[in-house]
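The values are calculated or read from the model by the stated rules, or taken from the named source; none is laboratory data. For clarity, every value in this text was computed on a predicted model and none was experimentally measured. Using ideal geometry, Cβ is built from the backbone for each residue, glycine included, and neighbour counts are taken over all protein chains shown. For the accessible areas, the whole protein counts, side chains as well, though only heavy atoms, and no ligand, DNA or RNA atoms are used. Shrake-Rupley method; radii C 1.70, N 1.55, O 1.52, S 1.80 Å.
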Amino acid sequence: MAIAADATKSSDVVDELTAWLEENWDPDLTVGEWWERLGLEGWAAPSLPENAYGKGLSRNDAVRVQEAIARFGALGPPSGLSVLLAAPTIATHGTQEQIDLFVREIVTGQKAWCQLFSEPGAGSDLAGLTTRAVADGDEWIVNGQKVWTSGGHVADLGMVLARTNWDVPKHQGITWFALDMHQPGVEVRPLREMTGRALFTEVFMNDARVGDGAIIGGRNNGWAVANTTLMYERAGLGAGGGGSEGGAVPGTIARQLGKRAGDLVPAAGRRTRRRGGESSTGTTKLLMELAKGTGADADPTIRQGLAHLYTLGELGRFNSLRVKAARAAGTEVPGMANVSKLAMSDIVRLSRDLGLQIVGPFGMLHAYDEKERAALDAATGKPFLPAVTEMALFAQAPPIYGGTDQIQRNINGERVLGLPKEPNEDKTRPFSELPKNT
Ligand SMILES: Cc1cc2nc3c(=O)[nH]c(=O)nc-3n(C[C@H](O)[C@H](O)[C@H](O)COP(=O)(O)OP(=O)(O)OC[C@H]3O[C@@H](n4cnc5c(N)ncnc54)[C@H](O)[C@@H]3O)c2cc1C
């Protein structure tokens with residue numbers, strides 16, 4: 001019943017959107033003008049609540065909205081960590097004034113954000129972070145280093161976690177700030193990945209400044225706020241989300257806001273690439289076609305692997321429907337965001353292994369740029385090869401980012417199944433007294 005009722009609602013939503021697009025989409029607008037129309041009308045991030053430039057839609061309906069915009073042939077909304085993480089976090093914990101400043105800039109694509117959580121000594125143990133913010137009048141002075149910051153080089157603002165009280169247990173002394181990245185105290189350095197790309201960075205803060213008004217969710221309450229960010233990260237990544245690389249790039253650094261919107265619409269049929277690679281359905285299709293093309297589909301182990309991959313994708317789809325039905329009934333399926341993220345790890349590992357099995361020894365050749373890609377195409381006659389090797393090299397990332405597989409299992413073990421935690425004094429002893437790696 002719940003699913004049927006929701007299906008009616010979502011087709012209404014798509015009809016309403018299509019009518020709106022017919023009235024409003026104009027390829028001659030600039031990207032900035034178009035995103036302002038889309039965002040202020042609630043279509044850029046429709047799963048946000050109505051007081052935060054959204055329409056309060058379910059995640060599934062929000063995906064349908066995105067698909068409908070693409071089908072219509074209009075430029076899609078701004079994407080990336082701003083929309084995926086910063087906007088829902090601020091919508092949940094920010095004041096209306098903060099929502100009207102920060103979320104407005106996000107849904108209209110004016111500003112891009114990065115996530116300044118992980119540090120060289122604090123990844124899985126995020127609450128052990130040592131970036132320090134010290135009050136100075138109605139401002140804060142921030143010092144410390146962050147690492148693995150996706151999109152740091154194109155970010156206008158950062159969701160920075162900093163320690164504001166060292167004399168309380170570690171989870172209680174953290175504050176979540178909206179940090180302006182355009183200031184002399186912030187230095188962003190690229191980190192080259194083994195794929196050849198540099199999608200992430202390390203960020204150094206030396207006497208960077210941030211105002212009291214940029215604290216989201218209250219001083220020393222950053223752990224609760226960070227958990228909201230992480231919950232959206234797990235749910236988004238488990239659903240195959242992440243920074244879309246198709247369409248236009250939001251923010252001031254990418255310099256796309258003044259371009260003609262119609263020129264940046266991805267060509268029909270061209271899928272947008274995501275931080276987690278292709279969606280699992282897209283990957284399964286790609287690998288099936290590849291196996292058919294090379295004759296590898298005659299190999300029973302490859303056939304079995306493809307069937308396994310397809311099954312994992314379907315299980316993910318059914319789980320989303322379970323979550324949706326549970327929400328419609330006013331309940332939750334505990335631990336499902338973590339389960340979905342773990343499933344995504346299995347999917348990317350299996351895709352990597354199958355892809356490399358199908359292409360055989362050619363999988364050892366990887367093109368690091370367009371020029372090499374053309375040379376490799378010419379030498380091997382296998383234009384799909386870069387997609388396979390890229391997927392194989394990137395497959396190490398999703399089981400790590402957004403919390404590693406082991407951490408997802410710990411969370412579900414402790415918080416969902418109620419298993420005993422490892423004994424430690426984290427919750428009772430002041431952070432300043434805890435032993436640390438130096
Ligand atoms: C592609 C990519 C993009 C990223 N983007 C961002 C970003 O934009 N912003 C950001 O802040 N961070 C980002 N990260 C960082 C990411 O969140 C961390 O890498 C991750 O949380 C793991 O932390 P770590 O690298 O310090 O590993 P560690 O925490 O040092 O872990 C090392 C190993 O020990 C295991 N381990 C650690 N603790 C436990 C435990 N208690 N029980 C069992 N096993 C344990 C881990 O599972 C892992 O296998 C990104 C990472 C990647 C790979």
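At pLDDT 95 or above, over 30 Å from L126 (Cβ atoms) and open to solvent by less than 20 Å² (accessible area, probe 1.4 Å), is that true of G413?
Against the criterion (at pLDDT 95 or above, over 30 Å from L126 (Cβ atoms) and open to solvent by less than 20 Å² (accessible area, probe 1.4 Å)), G413 does not qualify.
From the list M205, M159, M194, which one is within 16 Å of the ligand (Cβ to nearest atom), assigned to a loop (DSSP other than H, G, I, E, B) and either within 30 Å of M364 (Cα to Cα) or touching a residue at least 60 places away in the same chain (Cβ under 8 Å) (or both)?
Details: M205 fails: assigned to a loop (DSSP other than H, G, I, E, B); M159 fails: assigned to a loop (DSSP other than H, G, I, E, B).
Just one listed residue meets the conditions, M194.
Can you work out which of the residues in region 286-298 that are surrounded by 15 or more Cβ atoms within 10 Å (Cβ to Cβ) and free of Cβ contacts under 8 Å to residues at least 60 places away in the same chain is farthest from I347 (Cα to Cα)?
Filtering region 286-298 for residues that are surrounded by 15 or more Cβ atoms within 10 Å (Cβ to Cβ) and free of Cβ contacts under 8 Å to residues at least 60 places away in the same chain, the one farthest from I347 (Cα to Cα) comes out as D297.
Consider region 384-419. How many of its residues are among the small types (G, A, S), within 13 Å of the ligand (Cβ to nearest atom) and not in a loop (DSSP other than H, G, I, E, B)?
Result for region 384-419: 1.
Filter region 363-376 for residues that are surrounded by fewer than 17 Cβ atoms within 10 Å (Cβ to Cβ) and in contact (Cβ under 8 Å) with a residue 12 or more places away in the chain and give the result.
Filtering region 363-376 down to residues surrounded by fewer than 17 Cβ atoms within 10 Å (Cβ to Cβ) leaves 363-365, 368-375.
Once the filter is applied, which keeps residues that are surrounded by fewer than 17 Cβ atoms within 10 Å (Cβ to Cβ) and in contact (Cβ under 8 Å) with a residue 12 or more places away in the chain, region 363-376 yields G363, L365, Y368, D369, R373.
V210 - would you say it is surrounded by 16 or more Cβ atoms within 10 Å (Cβ to Cβ) and either under 21 Å from the mean Cα position of the chain (by Cα) or part of a loop (DSSP other than H, G, I, E, B) (or both)?
Details: surrounded by 16 or more Cβ atoms within 10 Å (Cβ to Cβ): yes; either under 21 Å from the mean Cα position of the chain (by Cα) or part of a loop (DSSP other than H, G, I, E, B) (or both): no.
In short, no.
Counting only residues that are surrounded by 15 or more Cβ atoms within 10 Å (Cβ to Cβ) and in contact with a Gly (Cβ under 9 Å, 6 or more places away or on another chain), which one in region 192-206 is farthest from G144 (Cα to Cα)?
So the residue we want is L199.
Which residues, counting only those in region 158-175, are among the polar types (S, T, N, Q) and open to solvent by less than 10 Å² (accessible area, probe 1.4 Å)?
Once the filter is applied, which keeps residues that are among the polar types (S, T, N, Q) and open to solvent by less than 10 Å² (accessible area, probe 1.4 Å), region 158-175 yields only T175.
Taking region 78-104 as the region of interest, how many residues are surrounded by 19 or more Cβ atoms within 10 Å (Cβ to Cβ), more than 16 Å from the ligand (Cβ to nearest atom) and either without any contact (Cβ under 8 Å) to a residue 40 or more places away in the chain or small (G, A, S) (or both)?
Residues flagged as surrounded by 19 or more Cβ atoms within 10 Å (Cβ to Cβ), more than 16 Å from the ligand (Cβ to nearest atom) and either without any contact (Cβ under 8 Å) to a residue 40 or more places away in the chain or small (G, A, S) (or both) within region 78-104 amount to 2.
Cβ-Cβ distance below 6 Å, separation of 6 or more or different chains: which pairs start in region 255-275 with a residue that is over 29 Å from A395 (Cβ atoms) and assigned to a strand (DSSP E or B) and end on one that is open to solvent by 80 Å² or more (accessible area, probe 1.4 Å) and at pLDDT 95 or above?
Here the result reads none, with nothing in region 255-275 linked to a residue that is open to solvent by 80 Å² or more (accessible area, probe 1.4 Å) and at pLDDT 95 or above.
For N227, all conditions in the list (1) polar (S, T, N, Q); (2) surrounded by 20 or more Cβ atoms within 10 Å (Cβ to Cβ); (3) modelled with pLDDT of 80 or more; (4) within 21 Å of the chain's Cα centre (by Cα) hold save one; what is the number of the exception?
Among (1) polar (S, T, N, Q); (2) surrounded by 20 or more Cβ atoms within 10 Å (Cβ to Cβ); (3) modelled with pLDDT of 80 or more; (4) within 21 Å of the chain's Cα centre (by Cα), the lone unmet condition for N227 is (2).
Within region 119-144, count every residue that is in contact with an Asp or Glu (Cβ under 9 Å, 6 or more places away or on another chain), small (G, A, S) and within 15 Å of the ligand (Cβ to nearest atom).
The qualifying residues number 3.
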